[in-house]
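K.L.:
Mind looking over this structure? Questions follow.
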Amino acid sequence: MARNTRERILDAAAEVMRARGLAHATTKEIARAADCSEAALYKHFRDKTEIFVGVLRERLPRFAPDPDLAGRNTVAENLLATARSALEFYRVTFPMAASIFAEPRLLAAHQESLRREATGPDLPNQEVAAYLRAERDLGRIAATADPEAAAALLVGACFQHAFLARFRDEDDPGTLDRTAAALTAALLASLLPPGEIG
């Protein structure tokens, strides 16, 4: 079944942005990769920033846990899956997202777009914290656990790993499982009630 034009644009934009970064991915290049005209882009998206938000929402891996996970599986399994997804998400998105800081006007437009859409880079922290609060309410993590701090530690560590991997030009997806396991083990030590294993 043939993909519609909007789907082709998002697929093409994801590839162009990964290769060139958001700041240097022009609508002309995206249209060429999507095999459509620039005018077709603007029938589906207001601007390049809206295309970028569409790529983030619809073409990239998601990593924040479903709040309904609380009470299912083990906390260790849920956090491991969350860490693994976060690492993959940042590995894929970091080159695109980092490039917007090179152009102040593009950054401002992107910030405004995220405000309109009620989303942004702090949303993953909020969703991980919400998951951890639900687990705390169920008694599956310590009553003294700080969900916001724990979420910041996990998400921040995953983001830093992506940054360092890109900085060193080390794009080895195989290291993500080991890193996710190490981060989860370190975080669990501070979250679980005394004597529990996860």
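The values are calculated or read from the model by the stated rules, or taken from the named source; none is laboratory data. The model shown is predicted, which means the values in this text are computed figures rather than measured ones. Quick reminder, even Gly has a Cβ in these numbers, built from the backbone with ideal geometry, and neighbours come from all protein chains shown. Just so you know, the surface numbers come from the protein's heavy atoms only, side chains and all, with ligands and any DNA or RNA stripped out. Shrake-Rupley method; radii C 1.70, N 1.55, O 1.52, S 1.80 Å.
K.L.:
Pick from region 140-158 the residues that are assigned to a helix (DSSP H, G or I) and farther than 26 Å from residue 175 by Cα: which of them is least open to solvent (accessible area, probe 1.4 Å)?
P.N.:
Restricting attention to region 140-158, the residues satisfying the condition of being assigned to a helix (DSSP H, G or I) are 147-158.
From the residues that got through so far, the ones that are farther than 26 Å from residue 175 by Cα too are 147-148.
On the way: 147: 3, 148: 98 Å².
Restricting to residues being assigned to a helix (DSSP H, G or I) and farther than 26 Å from residue 175 by Cα, the top hit is 147.
K.L.:
Can you spot a residue in region 100-116 that is touching a Lys or Arg at 6+ places or on another chain (Cβ under 7 Å) and open to solvent by 30 Å² or more (accessible area, probe 1.4 Å)? First the steps, then the outcome.
P.N.:
Applying the first criterion (touching a Lys or Arg at 6+ places or on another chain (Cβ under 7 Å)) to region 100-116 yields none.
For region 100-116, residues touching a Lys or Arg at 6+ places or on another chain (Cβ under 7 Å) and open to solvent by 30 Å² or more (accessible area, probe 1.4 Å): absent.
K.L.:
Further question on the same structure: Return the residues of region 72-91 that are open to solvent by 20 Å² or more (accessible area, probe 1.4 Å) and either among the aliphatic types (A, V, I, L, M) or not in a helix (DSSP H, G or I) (or both); say none if nothing qualifies.
P.N.:
Residues satisfying the conditions are 72, 73, 74, 76, 80, 81.
K.L.:
Evaluate region 120-131: report whether one residue or more is more than 26 Å from residue 167 (Cβ to Cβ), at pLDDT 90 or above, of a type in the set (A, V, I, L, M, F, W, C) and in a helix (DSSP H, G or I). Walk me through it before giving the result.
P.N.:
Quick first cut of region 120-131, residues more than 26 Å from residue 167 (Cβ to Cβ) only: 126-127, 129-131.
Those still in the list that are at pLDDT 90 or above too: 126-127, 129-131.
Then drop every residue that is not of a type in the set (A, V, I, L, M, F, W, C), which leaves 129-130.
Narrowing the set further to residues that are in a helix (DSSP H, G or I) leaves 129-130.
Yes: region 120-131 contains one or more residues that are more than 26 Å from residue 167 (Cβ to Cβ), at pLDDT 90 or above, of a type in the set (A, V, I, L, M, F, W, C) and in a helix (DSSP H, G or I).
K.L.:
Still on this structure: Does region 34-45 include one or more residues that are in contact (Cβ under 8 Å) with a residue 60 or more places away in the chain and either in contact with a strand residue (DSSP E or B) (Cβ under 8 Å, 6 or more places away or on another chain) or not β-branched (Val, Ile, Thr) (or both)?
P.N.:
Residues of region 34-45 in contact (Cβ under 8 Å) with a residue 60 or more places away in the chain: none.
No, that holds for no residue.
K.L.:
If you scan region 78-111, which residues turn out to be without any contact (Cβ under 8 Å) to a residue 60 or more places away in the chain and among the charged types (D, E, K, R)?
P.N.:
Within region 78-111, 105 is the sole residue that qualifies.
Here's the yes/no breakdown for (1) over 27 Å from residue 24 (Cα atoms); (2) of a type outside the set (A, V, I, L, M):
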{"residue": "100", "(1), (2)": "no, no"}
{"residue": "115", "(1), (2)": "no, yes"}
{"residue": "119", "(1), (2)": "no, yes"}
{"residue": "139", "(1), (2)": "yes, yes"}
{"residue": "142", "(1), (2)": "yes, no"}
{"residue": "151", "(1), (2)": "yes, no"}
{"residue": "168", "(1), (2)": "no, yes"}
{"residue": "182", "(1), (2)": "yes, no"}
{"residue": "189", "(1), (2)": "yes, no"}
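K.L.:
Please go through region 159-174 and give me each residue that is open to solvent by 40 Å² or more (accessible area, probe 1.4 Å) and in a helix (DSSP H, G or I), ordered by number.
P.N.:
159, 160, 161, 163, 164, 166, 167, listed by residue number.
K.L.:
Look at residue 57 and say whether it is in a loop (DSSP other than H, G, I, E, B) and surrounded by fewer than 18 Cβ atoms within 10 Å (Cβ to Cβ).
P.N.:
On the way: in a loop (DSSP other than H, G, I, E, B): no; surrounded by fewer than 18 Cβ atoms within 10 Å (Cβ to Cβ): yes.
It is false that residue 57 is in a loop (DSSP other than H, G, I, E, B) and surrounded by fewer than 18 Cβ atoms within 10 Å (Cβ to Cβ).
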